Amino acid sequence: MKISSFSIGSSGTNEDYFLYRNMGINGYVIALADGMGGLSYGDIAARLACEATVEYVVNNYKGFHSETRMLKDALKTADNAIATKGIAEYKCPMGTTIALAIVSDYQMFYTWQGNVRIYLKNDNGLSILTSDHILNVGYGQTELPDA
């Protein structure tokens, strides 16, 4: 696996965060997040999301029978961690995009939330595995869109 670059947004603060853990014979868990523009403390949200998802997978993977369910539960755990810390400590909503993968026995199970991409590189070239989730929450919007 190779991470070739991180982006730096217009704020000058790098809101990207990357974390992976070796789970021994169970493989690896990998998380990459990028704080959401328009919300406060994106760098902290990205770090919290990576830490929460990776910790959840590491602590629960052995004996779990559905990677799909595990990835979904890991994202819920991250969402709760960000919401709780944002309101309790920073008194504001925070958000991030995230890509999360479990690599085990020559298989990769993955999920993502937001505009973040996972690519597969092999002898046939580069293939995108994800699609952007676009959510217009009205940042800077002055009138409601037509229904």
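Structure data summary
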item	result
Criterion (of a type in the set (Val, Ile, Thr) and in contact with an Asp or Glu (Cβ under 8 Å, 6 or more places away or on another chain)) met by exactly one of THR96, THR53	THR96
Residues of segment 55-94 satisfying the condition of being small (Gly, Ala, Ser) and either in a helix (DSSP H, G or I) or at pLDDT 90 or above (or both)	ALA74, ALA78, ALA81, ALA83, GLY86, ALA88
Odd one out for CYS50, checked against (1) surrounded by 13 or more Cβ atoms within 10 Å (Cβ to Cβ); (2) not in a helix (DSSP H, G or I)	(2)
Number of the condition not met by SER7 [criteria: (1) of a type outside the set (Val, Ile, Thr); (2) modelled with pLDDT of 90 or more; (3) within 16 Å of the chain's Cα centre (by Cα)]	(2)
Complete set of residues in segment 99-147 that are in contact with a Gly (Cβ under 8 Å, 6 or more places away or on another chain) and modelled with pLDDT of 90 or more	ILE102, VAL103
Tally, over segment 15-47, of residues that are surrounded by fewer than 19 Cβ atoms within 10 Å (Cβ to Cβ), under 25 Å from GLU89 (Cβ atoms) and of a type in the set (Phe, Trp, Tyr)	1
Any chance TYR28 is more than 19 Å from LYS76 (Cα to Cα), modelled with pLDDT under 90 and more than 12 Å from the chain's Cα centre (by Cα)	no
Output for segment 86-119, where each listed residue is over 17 Å from the mean Cα position of the chain (by Cα) and not β-branched (Val, Ile, Thr)	ALA88, GLU89, TYR90, LYS91, CYS92, SER104, ASP105, TYR106, GLN107
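The values are calculated or read from the model by the stated rules, or taken from the named source; none is laboratory data. Keep in mind that this is a model prediction, so the values were computed, not measured. Positions of Cβ are backbone-derived with ideal geometry, glycine not excepted, and every protein chain shown enters the neighbour counts.
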